[in-house]
Structures are given as structure tokens and as C-alpha cells.
Amino acid sequence: GGPRLLDVEPTRAACVLSSLQAGQLVSIPEPQDSIMAGLNCGTPSLVAWPDVSAGLDALLATDDAWAREAMRALAGDGIVAGETGAAGAAGLLDMRESGELGALSDALGLGAHSRVLLICTEGATDPEAYRRIVAGG
């Protein structure tokens with residue numbers, strides 16, 4: 001098959017997941033206080049919703065700890081990704097470690113020879129937080 005699309009959002013701001021489960025655009029209660037600040041949304045974009053709701057093959061809500069781990073892993077490969085930019089890698093790490101990988105792998109058609117494209121939407125927009133997180137904080 002062709003490409004599959006996985007969306008990753010913070011557990012504490014999982015408005016797309018909530019909307020998909022409801023079958024319509026919904027707002028979730030505050031607070032949306034993830035370190036993945038660019039994804040701290042309580043309501044999906046009205047303009048993007050028709051495409052998002054029809055275009056995803058799978059969706060995963062992940063915790064901030066995985067974003068931190070992903071930032072460190074990416075930094076180890078020379079990639080500077082801020083908290084939001086690391087969300088895709090965070091989702092993959094979360095799937096692998098939580099046991100969700102099996103079910104999502106099946107849904108996405110992932111196998112041993114699959115290639116994964118991660119889209120990083122943010123560099124180190126908060127240099128101090130970036131240094132602290134990458135150093136292990």
C-alpha cells in the first residue's frame with residue numbers, strides 16, 4: 001500500500017482524538033499544559049478538521065516524558081527538535097515501549113522493512129529548556 005498517516009498529540013491536549021471518538025469536532029476541558037506547547041489545543045482547527053478527520057490512518061496521544069526522550073534521541077543523531085517538533089518521534093517511542101506498537105503497526109501496515117518519515121515542526125524555540133531536557137532533565 002501507499003503511505004499511512006499517524007497523528008501524534010499530547011495526552012493532556014488530545015482534542016483530535018476526542019473529536020474522532022465523538023465523530024464530530026469537540027472541545028476538551030482545560031488545562032492543555034503539555035510541554036509540547038505548539039500542540040496545546042483544546043479544539044481542533046475548524047478549517048483543517050475535514051481533512052484531518054478523513055485523512056488519518058491512526059492517532060496516538062502521548063505523554064510529555066516521551067517528548068523529552070525523543071528530543072534526547074534526536075539530539076543524539078544531531079537533530080535539534082524542540083518539544084513539539086519531537087512529537088512524532090515521541091509517538092513512535094511510546095508505541096514501541098507501551099506495547100501499542102503491535103495494534104498500531106497492524107493498522108498502519110508497519111513491518112521490519114517499513115520506512116518512517118517524521119515531520120519535525122519545531123527546533124529549539126526555548127534554548128534553555130532544550131539544553132535542560134537534552135542533558136537529561
On a full-extension model of 0.36 nm per residue, what is the gain between LEU56 and ALA103, subtracting their alpha-carbon distance, rounded to one decimal in nm?
15.4 nm
Distances longer than 21 Å among the Cα atoms of the chain: what percent of all pairs is that?
43
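Treating only the Cβ atoms of Lys and Arg (+1) and Asp and Glu (-1) as charged, compute the dipole magnitude of the chain about its Cα centre; round to the nearest 20 debye. It would help to have the intermediate numbers written out before the result.
On the way: 8 positive and 18 negative charges, 51 e Å.
Using only the charged Cβ atoms, the result is roughly 240 debye.
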Qualifying GluC sites (Glu not before Pro) for region 89-135 [loop in DSSP, other Cβ within 10 Å: at most 16]:
GLU100
At 1.4 Å probe size, what's the solvent-accessible area of GLU69? Round to the nearest 10 Å².
80
Relative contact order of the chain, defined on C-alpha pairs under 8 angstrom at six or more residues apart (%)
26
With a 1.4 angstrom probe the carbon and sulfur portion of accessible area for region 6-135, in percent, totals 53
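Mind listing which trypsin sites (Lys or Arg not before Pro) in region 69-118 are in a DSSP loop and have 16 or fewer other Cβ atoms within 10 Å? Intermediate values should be presented prior to the final figure.
Details: sites: ARG72, ARG96, ARG115; in loops: ARG115.
Sparse-neighbourhood loop trypsin sites (Lys or Arg not before Pro): ARG115.
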Enter the accessible area per residue of the chain (Å², integer; probe 1.4 Å; all protein chains in place).
57
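The values are calculated or read from the model by the stated rules, or taken from the named source; none is laboratory data. Bear in mind that the values here come from a model prediction, so they are computed numbers and not experimental data. Here Cβ is always computed from backbone atoms with ideal geometry, including for glycine, and neighbour counts include all displayed protein chains. Note: areas computed on protein heavy atoms with side chains; ligands, DNA, RNA excluded. Shrake-Rupley method; radii C 1.70, N 1.55, O 1.52, S 1.80 Å.
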